[in-house]
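Working notes, structure below.
The values are calculated or read from the model by the stated rules, or taken from the named source; none is laboratory data. Computed from a predicted model, the values in this text were never measured in an experiment. Heads up, the Cβs are rebuilt from the backbone with ideal geometry, glycines too, and the neighbour counts pull from every protein chain shown. Please note that ligands, DNA and RNA were not included when accessible areas were found on the heavy atoms of the full protein model with its side chains. Shrake-Rupley method; radii C 1.70, N 1.55, O 1.52, S 1.80 Å.
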Amino acid sequence: GSTLDVIDASYDASFRDPACTEFEVECRLTDAATRSARDSLTTRQLDVFGEFHQALNQRWLLIAGLGINHEDYLHETHTEPRIQLDYATQSNGTYSLAYGRYFEFPEFAQVEETFGNPALRFLRADHFVIAYERELERDWYLKSELYHKRMDHLVSGDPQLRYSNHGEGTANG
């Protein structure tokens with residue numbers, strides 16, 4: 001499949017902008033100078049993706065996927081691989097192991113020339129999942145997942161650049 005997102009926008013903004021992200025504590029209480037910008041832009045993002053299912057035997061299923069996206073505001077192209085291995089039990093349950101790499105565009109104000117840093121890169125995350133799913137009744141399912149997510153290129157405030165991609169983190173659940 002594929003998607004094409006086109007944004008054609010005009011903006012006129014003026015506010016006190018301390019170059020904060022969710023990582024800076026109490027940053028919104030500020031006496032930062034007011035910044036103003038008036039501009040318009042057109043940007044496009046093309047995503048192309050596919051998935052391949054291969055039954056290994058009666059119980060094992062391998063799912064491999066690949067996404068490729070290109071975005072013309074930051075001029076980046078990414079490859080997003082995904083793989084999943086499913087094991088079907090005799091009692092309508094399925095165990096799954098999965099991995100995927102994902103990229104996300106930063107917030108627009110963080111890359112806009114006046115308010116942000118147009119040299120920022122996309123945020124990147126690697127997801128690892130172990131799951132169990134069971135059909136209880138028709139159209140009713142029970143699913144439990146454990147996940148670990150490693151993230152880098154997270155946006156954080158920077159005194160010289162306003163924003164940078166120096167943030168890293170993990171999430172578990």
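Collect residues whose amide H, placed 1.01 Å from N in the peptide plane, falls under 5 Å from the amide H of residue 112; neighbours closer than 5 in sequence don't count.
117
Give the carbon-plus-sulfur fraction of the accessible surface of the chain in %, rounded to a whole number; probe 1.4 Å, heavy atoms of protein chains only.
Answer for the chain is 52 percent, counting heavy atoms of protein chains only.
Hand me the trypsin sites (Lys or Arg not before Pro) from the range 21-122 located in a DSSP loop with no more than 14 other Cβ atoms within 10 Å, in residue order please.
28, 59
Compute a Gaussian network model of the chain, connecting alpha carbons closer than 10 Å, and tell me which residue from 77, 34, 114 fluctuates the most.
34
Counting helices only, and only those DSSP H runs with n ≥ 4, report the 222 nm mean residue ellipticity of the chain as the sum of -39,500 (n - 2.57) divided by its residues, in deg cm²/dmol to the nearest 500.
Result for the chain, helices only: -500 deg cm²/dmol.
Hey, got a sec? Which trypsin sites (Lys or Arg not before Pro) in the range 133-173 land in a DSSP loop and have at most 15 other Cβ atoms within 10 Å?
Here the trypsin sites (Lys or Arg not before Pro) that fit, given the DSSP loop and packing criteria, are 138.
Any idea of the accessible area per residue across the chain, 1.4 Å probe, to the nearest Å²?
Normalised by residue count, the accessible surface of the chain is 67 Å².
Which GluC sites (Glu not before Pro) does the range 64-125 hold that lie in a coil by DSSP with at most 10 other beta carbons within 10 Å?
113
Roughly how many whole Å is it from the C-alpha centroid of the range 72-139 to that of the range 146-161?
Comparing the Cα centres of the range 72-139 and the range 146-161, I get a distance of 15 Å.
Quick one: how many Å² of residue 130 are accessible to a 1.4 Å probe, rounded to 10?
It works out to around 100 Å².
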